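Working notes, structure below.
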Amino acid sequence: MRARGLISRRRFARQAACAAAFYPFPVRSHETLGGTAADGENGRPLQTEAVRKLASQISGQVITPGDSDYDAARAIFNRAFDRHPRVIVRCAGASDVARTLAFAQSNQLPLAVRAGGHSRLGFGMCDGGVVIDLSGYKRVDVDSGKRVARAQAGALVRDLDSATQRFGLATTSGGCQSVGIAGLTLGGGEGRLMDKYGLACDNLLSAQIVTVDGRKVEASPNANPDLFWAIRGGGGNFGVVTELEYRLHAVHQVLSGALTYPAGRLTELLQAFVRFLAGASDEMDAFAQLLPSPQGRRLKIDLCYCGEARIGNDLIRPLRALKPQDDTVKIMPYLEAQMAGGFLAAPVAHFQTNLFLTELTGASINALVAAANNAPSTCKVIIVPLRGAVSRVGVTDTAFALRQPGYEIDIAGVWNAPEEKTRVVQWVRATRDSLQPFAKGVYVNQLGDPSEQLVRWAYGPNYARLAEIKRKYDPNNVLRLNQNVKPDDARQVG
Ligand SMILES: Cc1cc2nc3c(=O)[nH]c(=O)nc-3n(C[C@H](O)[C@H](O)[C@H](O)COP(=O)(O)OP(=O)(O)OC[C@H]3O[C@@H](n4cnc5c(N)ncnc54)[C@H](O)[C@@H]3O)c2cc1C
């Protein structure tokens with residue numbers, strides 16, 4: 001970090017006013033920063049002076065405990081986590097990120113990076129450390145001629161979708177509107193267009209990154225290609241991404257909606273779902289959910305066909321022949337289809353994890369049905385097929401390694417009162433264990449368990465290369481509050 005020395009109160013106020021003029025977040029004067037912010041990781045006090053200096057150096061906003069917006073700023077989607085950082089820095093760009101990285105390191109504080117705040121494990125917030133909060137840095141620019149979108153890293157799925165849809169364009173983004181595109185893309189990024197156009201990370205053209213030593217670098221096929229390879233699936237391990245550039249596709253009207261079947265017949269319906277996918281073209285995206293109902297578990301299939309509607313309707317005829325109780329499938333703008341989706345509508349305490357299966361056959365379907373029939377009413381299983389363009393990318397072409405056709409099985413439960421938590425967590429774990437014998441991997445972005453073993457499993461043959469790249473860009477593992485690739489592993493497995 002460039003040492004700037006202490007600034008005068010008047011100069012600080014002038015800088016703050018200047019910053020506030022072009023940045024929407026208010027910049028605080030040091031009087032409002034509170035006293036000693038908190039103690040450092042090694043018992044070292046984190047002085048108000050250090051926080052004041054940071055605030056004077058950045059264009060964004062520094063929030064500390066005691067500030068009126070502290071509780072709102074530390075809230076994340078998964079309410080199972082109630083974390084209290086010492087400093088939240090709402091960064092307004094790459095320079096703010098670089099200064100905050102230096103601040104966290106010089107004060108020996110743990111560091112979290114937050115974009116959309118949807119990490120299943122609450123990685124976007126930390127206890128007793130510093131948060132690089134990109135949530136206010138979210139502009140999306142679209143070059144419709146070149147079919148490229150350039151998004152600041154705090155943009156959400158809804159920001160990207162609505163900006164691109166103004167031009168009849170889209171790229172693969174998440175199925176839930178409030179997910180951050182940065183976390184989504186860095187871990188892979190599954191969404192309704194993936195069968196046709198690949199994952200979000202497959203559509204990434206380049207990214208701007210601040211490395212832990214404060215350098216601003218580009219990652220693309222031509223600039224730092226190792227880094228570009230690693231951030232397409234390897235998560236937030238290698239630097240703080242400030243901008244992402246995506247390839248866009250023409251996407252207008254789609255045939256979308258859901259078929260919901262009466263309770264029961266789960267085995268027959270799942271078999272039909274597997275047969276349906278085997279005959280479906282890449283334009284067809286579908287996922288199935290085993291949902292609770294007063295009559296028992298029932299199957300819901302969400303569909304989105306991004307080709308000619310007549311062909312899509314022909315394709316789903318076998319599913320309609322199985323007599324859904326509710327059929328909402330119709331032609332609609334892609335944006336409407338995106339808005340209708342989402343597994344969880346609002347922030348809630350939850351536990352979700354996943355397994356990747358290459359097949360859904362007799363034994364695994366039986367295990368799924370048994371688990372579903374035994375589930376608490378706030379739990380469900382989601383079956384997300386990975387196929388088409390996703391599985392035409394080579395397993396070592398990007399860090400994301402689930403390139404065989406198969407099914408991501410998401411196992412999820414929510415609780416509204418603490419006493420419900422144990423039962424939910426037990427059911428999710430038991431269901432995962434019952435499916436484990438059939439599993440070939442996991443998806444990092446939907447993992448609810450922090451485990452080195454699971455991270456290695458997620459990356460499979462790519463782990464050793466990821467560890468090498470981690471060692472090059474973050475040798476001290478500053479960015480470790482994530483599905484962590486360990487720099488030391490480069491020596492062990494390399
Ligand atoms: C309701 C819900 C729906 C979901 N739907 C989907 C879906 O349809 N498809 C899918 O693939 N996944 C989905 N996910 C999982 C989602 O992709 C991951 O949780 C993802 O990490 C969320 O990103 P975020 O930016 O919102 O989260 P955050 O909590 O802000 O970030 C998560 C982690 O990503 C890393 N990170 C984020 N931003 C940056 C950055 N700028 N630079 C470096 N590292 C960064 C950090 O390690 C951070 O801790 C869903 C999750 C939820 C809760």
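The values are calculated or read from the model by the stated rules, or taken from the named source; none is laboratory data. Every value quoted in this text rests on a predicted model; they were computed, and no experiment measured them. Virtual Cβ from ideal backbone geometry, glycine too; neighbours counted across all protein chains shown.
The requirement of being near the ligand (Cβ under 9 Å from one of its atoms) and under 24 Å from residue 82 (Cα atoms) is satisfied by residue 182. All conditions but one from (1) within 8 Å of the ligand (Cβ to nearest atom); (2) surrounded by fewer than 24 Cβ atoms within 10 Å (Cβ to Cβ); (3) at positive phi apply to residue 176; the one that does not is (3).
Among the residues of the stretch 154-171, just one is near the ligand (Cβ under 9 Å from one of its atoms) and assigned to a loop (DSSP other than H, G, I, E, B), namely 154.
Those strands (runs of 3 or more DSSP E) of the stretch 196-313 in which at least 3 residues are within 16 Å of the ligand (Cβ to nearest atom) and among the aliphatic types (A, V, I, L, M), considering only elements entirely within it, cover 204-210, 240-247, 284-291. State whether the residues of the stretch 324-333 include one that is among the acidic types (Asp, Glu), assigned by TED's automatic domain parsing to the domain that holds residue 299 and closer than 27 Å to residue 199 by Cα. No, the stretch 324-333 has no match at all. Identification of helices (runs of 4 or more DSSP H) wholly contained in the stretch 432-494 with 2 or more residues that are crowded, with 23+ Cβ neighbours inside 10 Å yields 452-459, 463-473. At least 2 residues being β-branched (Val, Ile, Thr) and surrounded by fewer than 22 Cβ atoms within 10 Å (Cβ to Cβ) is the threshold, and among the strands (runs of 3 or more DSSP E) wholly inside the stretch 46-153 those reaching it are 140-143. Within the stretch 131-153, the residues that satisfy the criterion of being more than 13 Å from the ligand (Cβ to nearest atom) and of a type outside the set (Ser, Thr, Tyr) are 139, 140, 141, 142, 143, 145, 146, 147, 148, 149, 150. Being surrounded by 15 or more Cβ atoms within 10 Å (Cβ to Cβ), among the β-branched types (Val, Ile, Thr) and more than 16 Å from the ligand (Cβ to nearest atom) is a property that does not hold for residue 384.
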